[in-house]
Amino acid sequence: MSNPRNGDTKPPCLPRNGLVKIPTQPNGLGSASITKGTPAVKNRLCQPSSVPAILSPALAHRSDLPIPSLASPLSLATLAGVSSSPGASLVGLNTSEGSEQPSPERLPGSPSERQLAVDEKILNRLFWYFSACEKCVLAQVCKAWRRVLYQPKFWVGLTPVLHTKELYNILPSGEKEFVSLQGFAIRGFDGFCLVGVSDLDICEFIDNYPLSKKGVKSMSLKRSTITDAGLEVMLEQMQGVVRLELSGCNDFTEAGLWSSLNARITALSVSDCINVADDAIAAISQLLPNLTELNLQAYHVTDTALAYFTAKQGYTTHTLRLNSCWEITNHGVVNMVHSLPNLSVLSLSGCSKVTDDGVELVAENLRKLRSLDLSWCPRITDMALEYIACDLHKLEELVLDRCVRITDTGLSYLSTMSSLRSLYLRWCCQVQDFGLKHLLSMGSLRLLSLAGCPLLTTTGLSGLVQLQELEELELTNCPGATPELFKYFSQHLPCCMVIE
């Protein structure tokens, strides 16, 4: 632990694009990051801050916290007598060896305060109030805090992201040594994202992570050089993996999928992998009978592939995302709605050949849909919105970003949808103030995005204060959104997060 410079503590880690950056490790682990949830959740999860206070004034007076003796906030430096530097180790347990950490007896303050600072019952409740970024810092204050924070319950839903260079230490002899992953194992991480790894790196990870054989449920490989052989070894050795993501991996082929995929996988994501085409879908359909979720971005998949799914998958698969599958047309939509009739989540984002007729097929046959994404489908018009409003009575989320032919008439159709909670209209360049009036009757709306809509004025936007149940409103790059309007919203929509 190093002392703060000039009496100030610098932010130990800064969130970037929803990722928590973990400072450089003395053991060579370098920087890692942790992700959680949707982009909106990630941005709210990790806010930049200096070393946080243990109790804010608001928390100090919370009746449900068993801390009656604290009337004012105590900072980490006050309790621990030290502050974490940007170079402090945050990942492995063994990184603190050789560094002197304060014991409870050496903490400053009265005996009652010292006892309070290491009371595990209190800490177990208190640490829930901190973000993942802050927990990484708090774990370095003392061994008692780390022992509490390294419980798996504080890290549920978080995924460590490790790059190739962070997996090895360079020894004085110049040889590479795989890093210790014991700190991850103690916290019980059951999912990892490995970036830029090779077949050998994956084998080393399997050999060195204690939970790899049975305890890892989710694996994500990004921009990696994994081959058919590496993919086969990974899925053969890691028997617990049920969720698999392959993104930007251009060295495996469709033959590798045929030899590697097994029936235990229930969720599969494949994107930006140049060797994926129709035959890959055939492998997925025949080898994954228990598939519940498929996310696919493949430029060479055609309509034929969407007819491959089996009757079993038609019953189990509830989520299908076809992103930027440029060759998919309305004929492919016909095959899809007959093969997968139980979908509740469907994305056709970037499927630019799909028209209103394709949306009509979706609306008539997939009545269980709760989320539909038609963003970047330039052929979609108001007629498609009429089909949606008439037939999809359970729909809760509708994404229409960059559907440039949507007008106020289409919004009038959507206004009849009593179940719709989230509506995205980013860069719908024909939407005007008159169209917004149709939305004012939608009392179920909780999230509305109008980012980049150029024709909306301050007057039209101000009417949105009638949506008193609104929780999130996005007005980024909206010319009608003025400072005065945001002030107006803060007064009349106090419970709504307005994104400027």
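The values are calculated or read from the model by the stated rules, or taken from the named source; none is laboratory data. Since we're looking at a predicted model, the values are computed, not measured. Ideal geometry is used to build each Cβ from the backbone, glycine not excepted, and the neighbour counts take in all protein chains shown. The accessibility values were calculated without ligands, DNA or RNA, using every heavy atom of the protein model including side chains. Shrake-Rupley method; radii C 1.70, N 1.55, O 1.52, S 1.80 Å.
Check residue 455 against each of (1) open to solvent by 50 Å² or more (accessible area, probe 1.4 Å); (2) in contact (Cβ under 8 Å) with a residue 40 or more places away in the chain; (3) among the hydrophobic types (A, V, I, L, M, F, W, C) and name the one condition it does not meet.
(2)
In contact with a Pro (Cβ under 6 Å, 6 or more places away or on another chain) and either crowded, with 19+ Cβ neighbours inside 10 Å or closer than 30 Å to residue 148 by Cβ (or both): is that true of residue 188 in this structure?
Numbers: in contact with a Pro (Cβ under 6 Å, 6 or more places away or on another chain): yes; either crowded, with 19+ Cβ neighbours inside 10 Å or closer than 30 Å to residue 148 by Cβ (or both): yes.
Here the answer is yes, as residue 188 does meet what is asked.
Do we find that residue 416 is in a helix (DSSP H, G or I) and β-branched (Val, Ile, Thr) in this structure?
Values: in a helix (DSSP H, G or I): no; β-branched (Val, Ile, Thr): yes.
Answer is no for this residue.
Answer yes if at least one residue in the range 129-136 is in contact with an Asp or Glu (Cβ under 6 Å, 6 or more places away or on another chain), modelled with pLDDT of 90 or more and more than 30 Å from residue 293 (Cα to Cα), and no otherwise. If you could, list the steps in order and put the result at the bottom.
Kept after step one, since they are in contact with an Asp or Glu (Cβ under 6 Å, 6 or more places away or on another chain), are these residues of the range 129-136: none.
No; the residues of the range 129-136 include none that is in contact with an Asp or Glu (Cβ under 6 Å, 6 or more places away or on another chain), modelled with pLDDT of 90 or more and more than 30 Å from residue 293 (Cα to Cα).
Run down 465, 498, 404 and say which single residue is in a strand (DSSP E or B) and in contact (Cβ under 8 Å) with a residue 12 or more places away in the chain.
Values: 465 fails: in a strand (DSSP E or B); 404 fails: in a strand (DSSP E or B).
After applying the criteria, what remains is 498.
Specify which of the listed residues (329, 319) is open to solvent by 20 Å² or more (accessible area, probe 1.4 Å), among the hydroxyl-bearing types (Ser, Thr, Tyr) and in the same structural domain as residue 298 (by the TED database). Walk me through it before giving the result.
Numbers: 319 fails: open to solvent by 20 Å² or more (accessible area, probe 1.4 Å).
None of the other options fit; the residue is 329.
Here is a check on your reading of the model: is residue 235 under 22 Å from residue 325 (Cβ atoms), at pLDDT 95 or above and part of a helix (DSSP H, G or I)? Give the derivation first.
Details: under 22 Å from residue 325 (Cβ atoms): no; at pLDDT 95 or above: yes; part of a helix (DSSP H, G or I): yes.
It is false that residue 235 is under 22 Å from residue 325 (Cβ atoms), at pLDDT 95 or above and part of a helix (DSSP H, G or I).
Residues in the range 269-285: is at least one out of contact with any Lys or Arg (no Cβ under 9 Å at 6 or more places or on another chain), closer than 24 Å to residue 341 by Cβ, open to solvent by 40 Å² or more (accessible area, probe 1.4 Å) and not β-branched (Val, Ile, Thr)?
Within the range 269-285 (the criterion being out of contact with any Lys or Arg (no Cβ under 9 Å at 6 or more places or on another chain), closer than 24 Å to residue 341 by Cβ, open to solvent by 40 Å² or more (accessible area, probe 1.4 Å) and not β-branched (Val, Ile, Thr)), the answer is no, since none of the residues qualifies.
Within the range 127-180, can you find the residues that are closer than 22 Å to residue 219 by Cβ and among the polar types (S, T, N, Q)?
The answer is 159, 164, 180.
For residue 343, state whether it is in a loop (DSSP other than H, G, I, E, B) and either touching a His at 6+ places or on another chain (Cβ under 9 Å) or open to solvent by less than 10 Å² (accessible area, probe 1.4 Å) (or both). Spell out how you get there, then give the answer.
Numbers: in a loop (DSSP other than H, G, I, E, B): yes; either touching a His at 6+ places or on another chain (Cβ under 9 Å) or open to solvent by less than 10 Å² (accessible area, probe 1.4 Å) (or both): yes.
Yes.
May I ask you to verify whether residue 294 is closer than 20 Å to residue 261 by Cβ, assigned by the TED database to the domain that holds residue 254 and either open to solvent by less than 20 Å² (accessible area, probe 1.4 Å) or in contact with a Lys or Arg (Cβ under 8 Å, 6 or more places away or on another chain) (or both)?
On the way: closer than 20 Å to residue 261 by Cβ: yes; assigned by the TED database to the domain that holds residue 254: yes; either open to solvent by less than 20 Å² (accessible area, probe 1.4 Å) or in contact with a Lys or Arg (Cβ under 8 Å, 6 or more places away or on another chain) (or both): yes.
Considered against the rule, which asks whether it is closer than 20 Å to residue 261 by Cβ, assigned by the TED database to the domain that holds residue 254 and either open to solvent by less than 20 Å² (accessible area, probe 1.4 Å) or in contact with a Lys or Arg (Cβ under 8 Å, 6 or more places away or on another chain) (or both), residue 294 comes out as yes.
What number goes with the only condition from (1) in a helix (DSSP H, G or I); (2) open to solvent by less than 40 Å² (accessible area, probe 1.4 Å) that residue 147 does not pass?
Unmet for residue 147, out of (1) in a helix (DSSP H, G or I); (2) open to solvent by less than 40 Å² (accessible area, probe 1.4 Å): (2).
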